[in-house]
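Here the structure comes first, spelled out in structure tokens, and everything after it is commentary.
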Amino acid sequence: MALPEAKQSPTEARLASLSLPTAGCTRDAREAALARVREMGLPGRRDEYWKYTRPDTLIQPEAPKAAVFTADEPLMFDQIDRLKIVFVDGVFSPEASDDLSLEGVQIERLEDICCKDFHWAKELYGVLEARGQNPVPRPLAALNTAFAADGVAIHVTGKPSKPICLIYKHESETSDAILHHVIRVESGAEVTILENGPAASRFNKCMEIDVADGGTLHHVRAQGRDHERRAATHMFTRLGEKSVYKSFTLTVNGVLTRNEQVVELTGDEGVAHVSGACVGDGDFLHDDTVFITHDAVNCESRQVFKKVLRNGATGVFQGKILVKEGAQKTDGYQISQSLLLDDDSQFLAKPELEIYADDVACSHGSTSGAIDETALFYLRSRGVPEKDATNMLTLAFLAEAVDEIEDPALVEDIVARLQGWLARRS
Amino acid sequence: MLEIKNLHVKLEEEDKQILKGVDLTVEAGKVHAIMGPNGSGKSTLSYVLSGRDGYEVTEGSATLDGEDLLELEPEERAALGLFLAFQYPVEIPGVGNMTFLRTAVNAQRKVRGEEELSAADFLKLVRAKAKTLKIDADMLKRPVNVGFSGGEKKRNEILQMAMLEPKMCILDETDSGLDVDAMKLVADGVNALRDEGRGFLVITHYQRLLDHIKPDVVHIMANGRIVKTGGPELALEVEHNGYADILAEVN
């Protein structure tokens, strides 16, 4: 069926600004993805899935300009021993990166997977993204698969001694970056993936994660402070039996951020936790869109999202738990909450449950509220100044999400960022 | 120390007068008790003195060592040495009890131009004080009052009082919800803080608490006013005869 004109011309305009990388073994996957984009069309304002977040600036041919911000804080995760993989405006920088060898893991640049023995990566590229297009289309992810200019393939076969950290630097105020990573965690293997940095003026990132039976992947991400940056990210995760996936995202500023998490629990007793804390000010819009599918028995999923909004900032949450027929003993939990620090800010939430099994426990909740006046008075009556008390309560509000991170050193880093944000506004 | 003169207070949101001319002076070193039937304005008095929103002072004054309390923010009143032990201590999920205590102690020290306590010094101090109140290390680590029993909450209030060393302590129905043993523990905590420089205002419904915290002066409050003042024997009279006789007498 042909696309309606309202979709077709912006889609073609965007496609005209891009060129399909010619070489490589991902060619077929890219062409298939391009066909998907043409079939679905890029997101438009009338799409139900984009009801609360305007996609215009994410699909226009040129990236809107975004000033490069010089941080007055130490680099995120700088105190943590990690293997650094650096991208500058979406291009891998071998000079800035560490040597990519680390016991228990093989890492290759995306363009090199064809000439290396990285069959799994060729077979995974675009596959989870394509699976994730049903039942809800995610055209920006297909666009990413087709046109990704760079990325890495990470094969985890053991338990590497330190986290692997993807660092995204932003140096050009017109950069339009498309990165695609594929990660395979083998049975019994375990890894922590960190991501940080504003990446580009406009950033489209897709990560496909395949966790085999008994594998574990921890993911902690901090999206940087460049106020004018825009990002649309997708994480597609497929989980095998008794595997674990825990992902946390901190977002501080950024004019537009849309983070999609698509998780499929395909083996019994799998665990998937996705969480996020965001703090935003003014023309900030932050959208967490999550889709978790339970397709096996005895699996557990948690979604914990907290947003602090002030000065007219907007928070969006669209979260779904789909329990397929036969996915008995599912334990699903979903909470999305916002703390509105003034009357101008808004939180738009669409929690959804769709359940086709009869022996499941699924709970969900969504709230929006101001600072608790009783708690505020209690703190002040003990001598804590109003601003400090407000900040304490704000951090306390975010704690449930931050507590989803297991490594205390990472928690400390994340909390320091949040304190920095609060202090700058006190 | 604490001087309340002709204090008139109404609710901010509605036209309801709660306090209708309270006169009360608490001297340093003394324990004053306020007793009175429900709705007489006892808790309102404690909230107005500590600076809670929602009340409007229409007449009168309240000073602590000559400083006008009513002009100050709650945290400024606290730094000046005023402390309110809440009738219903507030649960604050996500804020550790220790973090809260240390922030409060150091915030007050800062205002008074004193050096902040180091983490180590603070820990030493809080552990020693917690021990006498039978507050274990686990309670200190937990979020403020979350999952605490009624008794634990009240002991936690007294621990805060012990750490902050206020000049003027107001205890709002600290005995409510306590069994006999817990009440004794709380009373011991209060008695340990009694000294010449510190005043207490103990608000209670029952004489029970006053068996453990011996007051110097007992006031009866009714309908927004102090209607009778006497010695400890006044509390006993209430215990035996209820408020009816006294109220009939003053009316």
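Each reported figure results from applying straightforward, stated rules to the coordinates on display, with no laboratory input. Being a predicted model, the structure only gives us computed values, none of them experimental. Every residue, glycine among them, receives a Cβ derived from its backbone with ideal geometry; neighbour counts consider all protein chains shown.
Summary of values
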{"quantity": "For residues of B:155-164, the mean tally of beta carbons on other chains within 10 Å", "calculated": "1"}
{"quantity": "Å³ per residue enclosed by the Cα convex hull of the stretch B:1-109", "calculated": "130 Å³"}
{"quantity": "Rounded tilt (10° steps) of A:5-16 against the dominant C-alpha axis of chain A", "calculated": "70 degrees"}
{"quantity": "Estimated 222 nm signal from helices in the protein assembly as shown, with DSSP H stretches of n ≥ 4 weighted -39500 (n - 2.57), rounded to 500", "calculated": "-8500 deg cm²/dmol"}
{"quantity": "Rounded D (µm²/s) - the stretch A:1-65, Kirkwood Rh over Cα pairs, Stokes-Einstein at 4 °C, 1.567 mPa s", "calculated": "100 µm²/s"}
{"quantity": "Dipole in debye (nearest 20) - chain B, about Cα centre, beta carbon charges: Lys, Arg +1; Asp, Glu -1", "calculated": "820 debye"}
{"quantity": "From phi via Karplus (6.51, -1.76, 1.60), per-residue ³J(HN,Hα) for the stretch A:148-163 in Hz, x at Gly/Pro", "calculated": "3, 8, 7, x, 10, 10, 10, 10, 9, 10, x, 10, x, 6, 9, x"}
{"quantity": "Chain A: angle of helix A:408-424 to the longest principal axis, Cα-based, in degrees nearest 10", "calculated": "60 degrees"}
{"quantity": "Per-residue average of Cβ from other chains inside 10 Å of A:388-398", "calculated": "4"}
{"quantity": "log10 of Debye I(q)/I(0), alpha-carbon scatterers only, for the stretch A:336-426 at 0.10, 0.17, 0.23 Å⁻¹", "calculated": "-0.38, -0.91, -1.25"}
{"quantity": "Where only C-alpha atoms are counted, convex hull volume of the stretch A:41-93 per residue in Å³", "calculated": "181 Å³"}
{"quantity": "Positive minus negative residues near B:LEU123 (Lys, Arg vs Asp, Glu; Cβ under 12 Å)", "calculated": "+4"}
{"quantity": "Under Karplus coefficients 6.51, -1.76 and 1.60, residue-wise ³J(HN,Hα) of the stretch A:103-112 in Hz, glycine/proline x", "calculated": "5, x, 8, 10, 10, 10, 5, 3, 5, 9"}
{"quantity": "Angle in degrees between helix A:27-40 and the longest Cα principal axis of chain A, rounded to the nearest 10", "calculated": "60 degrees"}
{"quantity": "10 Å Cβ neighbours from other chains, averaged over peptide A:368-375", "calculated": "3"}
{"quantity": "Rg/Rh for the stretch A:116-166, where both radii come from Cα atoms and Rh is the Kirkwood radius", "calculated": "1.04"}
{"quantity": "Links that overshoot a 27 Å alpha carbon limit, given the list B:LYS131/B:LYS153; B:LYS20/B:LYS153; B:LYS30/B:LYS228; A:LYS307/A:LYS329; A:LYS306/B:LYS141", "calculated": "B:LYS20/B:LYS153; A:LYS307/A:LYS329"}
{"quantity": "Within the stretch A:129-275: Cβ-based charge dipole about Cα centre, in debye rounded to nearest 20 (Lys, Arg +1; Asp, Glu -1)", "calculated": "300 debye"}
{"quantity": "Protection proxy ranking of A:175-187, A:103-115, A:65-77 - average other beta-carbon atoms within 10 Å, highest first", "calculated": "A:175-187, A:103-115, A:65-77"}
{"quantity": "Kirkwood Rh, angstrom, the protein assembly as shown [1 / mean 1/r, Cα pairs]", "calculated": "28.2 Å"}
{"quantity": "Value of D in µm² per second that Stokes-Einstein yields for chain B, Kirkwood Rh from Cα pairs, at 25 °C (0.890 mPa s)", "calculated": "131 µm²/s"}
{"quantity": "Kirkwood-based Rg to Rh ratio, the stretch A:58-118, C-alpha trace", "calculated": "1.06"}
{"quantity": "Separation between Cα centres of the stretch A:109-159 and the stretch B:205-230, rounded to whole Å", "calculated": "76 Å"}
{"quantity": "Environment charge at B:GLY96 (Cβ cut-off 10 Å; Lys +1, Arg +1, Asp -1, Glu -1)", "calculated": "+3"}
{"quantity": "Kyte-Doolittle mean at least 0.0 and Cα axial length at least 27 Å: DSSP H helices in chain B", "calculated": "none"}
{"quantity": "Kirkwood hydrodynamic radius (C-alpha pairs) into Stokes-Einstein, the stretch A:5-371, 20 °C and 1.002 mPa s, D in µm²/s", "calculated": "104 µm²/s"}
